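Notes to accompany the following structure.
The values are calculated or read from the model by the stated rules, or taken from the named source; none is laboratory data. Please read all numbers here as calculations on a predicted model, not as lab measurements. So basically every Cβ, Gly included, is an ideal-geometry build from the backbone, and we count neighbours across all protein chains shown.
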Amino acid sequence: MKKLLFVILFISTFIGQGQIVRESELIGKMEKGAELMALGKYDSAQMLFQFVLQNMEKLPSEMAYFFGRNSFHLGKYKQSINWLNKYIQLKGTKGIYYEPAIQYLQYSEDEYLKIQRSQAKRFEEDIATAEYDCGGLEKMLCPVCHGSGVVVHAGIFDEVYKTCPYSLGEGYLSCKEYNLFMRGDLEPKLKD
């Protein structure tokens, strides 16, 4: 019985030491990644950071800062925002990287907003020039009344039925009118 207890104690000690060695090795890789990042070798730093992320059970809070900052330099702004926010949540204003984390968070948010605005502008331009192919049909279902010719609104006591201001009760639009409507350029024919 004493031999079994000794073997179990020896194995658990050996495994525990292996985990300590493994963890210190991973922290060394994280620090090497930080050095590479400081030298502008962002891709190499990224590989080390990802290795640490995949292999370390409990990440040091500094890893969130390093990964977030490096992500900014790689143009991965959304990822940068997420990781830098995580660092700030973990360490608050007391973290040693608080000031640069706030700075890089602002940089990432600014760049991310530029991309979002650019994509929105391109989308608006695409919509403004898009033509829906009516497939040879002369008339299309009106997207407002869905072909019924009436629009239903909730009134004070009951539902209020009104003639569709775009299809004039017919329930259909011409292909040209349909395309104007989809671009937001079709004016209602009936005014309230």
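Taking the residues in the range 90-104 that are among the hydroxyl-bearing types (S, T, Y) and in contact with a helix residue (DSSP H, G or I) (Cβ under 6 Å, 6 or more places away or on another chain) as candidates, determine which candidate is nearest to A64 (Cα to Cα).
Restricting to residues being among the hydroxyl-bearing types (S, T, Y) and in contact with a helix residue (DSSP H, G or I) (Cβ under 6 Å, 6 or more places away or on another chain), the top hit is Y97.
Of the residues in the range 99-117, at least one is under 24 Å from L36 (Cβ atoms) and more than 23 Å from the chain's Cα centre (by Cα).
When the range 51-61 is limited to residues that are among the aliphatic types (A, V, I, L, M) and assigned to a helix (DSSP H, G or I), the one that is surrounded by the most Cβ atoms within 10 Å (Cβ to Cβ) turns out to be V52.
Conditions tested, residue by residue: (1) surrounded by 16 or more Cβ atoms within 10 Å (Cβ to Cβ); (2) of a type in the set (A, V, I, L, M); (3) at pLDDT 90 or above; (4) closer than 26 Å to E109 by Cα.
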site	(1), (2), (3), (4)
L9	no, yes, no, no
E25	no, no, yes, no
K32	no, no, yes, no
A38	no, yes, yes, yes
F49	yes, no, yes, yes
M63	yes, yes, yes, yes
F66	yes, no, yes, yes
H73	yes, no, yes, yes
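Within the range 66-112, can you find the residues that are basic (K, R) and closer than 22 Å to L48 by Cα?
If the condition is that a residue be basic (K, R) and closer than 22 Å to L48 by Cα, then R69, K76, K78, K86 are the ones that fit.
Yes/no matrix, rows are residues, columns are (1) touching a Phe, Trp or Tyr at 6+ places or on another chain (Cβ under 6 Å); (2) acidic (D, E); (3) more than 23 Å from L74 (Cα to Cα); (4) modelled with pLDDT of 90 or more:
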| position | (1), (2), (3), (4) |
| --- | --- |
| Y98 | no, no, no, yes |
| I102 | no, no, no, yes |
| A120 | no, no, no, no |
| E125 | no, yes, yes, no |
| T129 | no, no, yes, no |
| L180 | no, no, yes, no |
